[in-house]
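Have a look at the structure below, then the notes.
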Amino acid sequence: MAPVIVVLAVVALIILLLLLPLGIRLSASFHGSARYNARIRFLFGLLSWQVSTGRVRGEKPAGPDIEKTNDSGMSRVIEAAQVRGLGARIKLLIRQIYRRVRVQSVQSDLKVSLGDDYYTGMLAGIFIPAVLYLNQRFDGGVLIQPAFEEDLFLEGDICGDLQVRPIHVLVPCLGFALSPEFRRARKILAGGSCTKS
């Protein structure tokens with residue numbers, strides 16, 4: 001009888017976690033290397049779980065020296081973004097969960113350069129309307145500055161708070177996380193290389 005009660009309690013807890021809203025705080029820091037964090041709060045903040053990827057400042061990388069290879073968080077993000085099919089996967093994921101996720105806040109303080117003034121200007125033309133919209137919606141917490149006459153780089157911090165019911169986004173997120181495109185991009189962000197197919 002006791003094992004049945006334990007199994008029922010575990011099943012009830014899983015169902016509760018899937019139905020109750022989760023608070024998620026996503027953040028990324030680009031200061032010489034890229035570091036990503038996600039803190040997930042369960043049961044109205046009573047329980048939390050944190051996931052981190054990337055390198056802590058001062059930690060020795062496993063591969064070649066970052067200074068010698070001129071590798072940066074920005075170059076890894078750009079390389080990962082070029083994985084064939086990743087854009088279509090992200091677009092599909094956004095379309096599937098857009099109405100199911102409630103964004104509570106967005107804050108950023110970023111400087112971006114694509115290594116060429118022309119391309120940096122084009123990027124600024126794309127993100128300035130988005131920044132104006134986000135500032136209007138989230139009380140002016142979004143700052144993204146183009147850095148002209150600079151080498152390829154991304155520096156600064158960005159974070160956002162979301163609220164979502166796991167039952168609504170479980171299948172789309174699992175499909176995205178298990179896709180070969182996302183796995184290749186994740187390998188690049190973690191410090192590996194990708195052979196373009």
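If you go through the stretch 1-48 one residue at a time, how many are among the hydrophobic types (A, V, I, L, M, F, W, C) and under 21 Å from D109 (Cβ atoms)? Spell out the reasoning first.
Filtering the stretch 1-48 for residues among the hydrophobic types (A, V, I, L, M, F, W, C) gives 1-2, 4-20, 22, 24, 26, 28, 30, 34, 38, 40, 42-44, 46-47.
Checking which are under 21 Å from D109 (Cβ atoms) leaves us with 24, 26, 28, 30, 34, 38.
Selection size over the stretch 1-48: 6.
For the stretch 171-184, the set of residues classified as open to solvent by less than 60 Å² (accessible area, probe 1.4 Å) and of a type in the set (D, E, K, R) consists of E181 only. Identify, by number, the condition in (1) free of Cβ contacts under 8 Å to residues at least 40 places away in the same chain; (2) among the hydrophobic types (A, V, I, L, M, F, W, C); (3) open to solvent by less than 70 Å² (accessible area, probe 1.4 Å) that M122 doesn't meet. Only one criterion in (1) free of Cβ contacts under 8 Å to residues at least 40 places away in the same chain; (2) among the hydrophobic types (A, V, I, L, M, F, W, C); (3) open to solvent by less than 70 Å² (accessible area, probe 1.4 Å) is unmet by M122, namely (3).
Here D71 clears all of (1) modelled with pLDDT under 85; (2) open to solvent by 50 Å² or more (accessible area, probe 1.4 Å) except the condition numbered (2).
Here is a yes/no grid of residues against (1) touching a Gly at 6+ places or on another chain (Cβ under 7 Å); (2) farther than 23 Å from I90 by Cβ; (3) open to solvent by 70 Å² or more (accessible area, probe 1.4 Å); (4) among the charged types (D, E, K, R):
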| site | (1), (2), (3), (4) |
| --- | --- |
| R137 | no, no, yes, yes |
| G140 | no, yes, no, no |
| I158 | no, no, no, no |
| P166 | no, no, no, no |
| V169 | no, no, no, no |
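Taken over the stretch 20-47, the criterion of being at pLDDT 85 or above and open to solvent by 50 Å² or more (accessible area, probe 1.4 Å) is satisfied by R25, L26, H31, R35, Y36, R39, R41.
Among the residues of the stretch 136-176, write down those that are among the aliphatic types (A, V, I, L, M) and under 20 Å from A124 (Cβ atoms). Walk me through it before giving the result.
Looking only at the stretch 136-176, we keep the residues that are among the aliphatic types (A, V, I, L, M), and these are 142-144, 147, 152, 154, 158, 162, 164, 167, 169-171, 174.
Result: V142, L143, I144, A147, L152, L154, I158.
Among the residues of the stretch 97-114, is any touching a Gly at 6+ places or on another chain (Cβ under 6 Å), over 30 Å from L17 (Cβ atoms) and open to solvent by 30 Å² or more (accessible area, probe 1.4 Å)? Checked the stretch 97-114: at least one residue is touching a Gly at 6+ places or on another chain (Cβ under 6 Å), over 30 Å from L17 (Cβ atoms) and open to solvent by 30 Å² or more (accessible area, probe 1.4 Å).
The values are calculated or read from the model by the stated rules, or taken from the named source; none is laboratory data. Just so we're clear, the structure is a prediction, and the values are computed from it rather than from any experiment. Counting neighbours? That spans all protein chains shown, and the Cβs are built from the backbone with ideal geometry, glycine included. The area values use the complete protein model at the heavy-atom level, side chains included, leaving out ligands, DNA and RNA. Shrake-Rupley method; radii C 1.70, N 1.55, O 1.52, S 1.80 Å.
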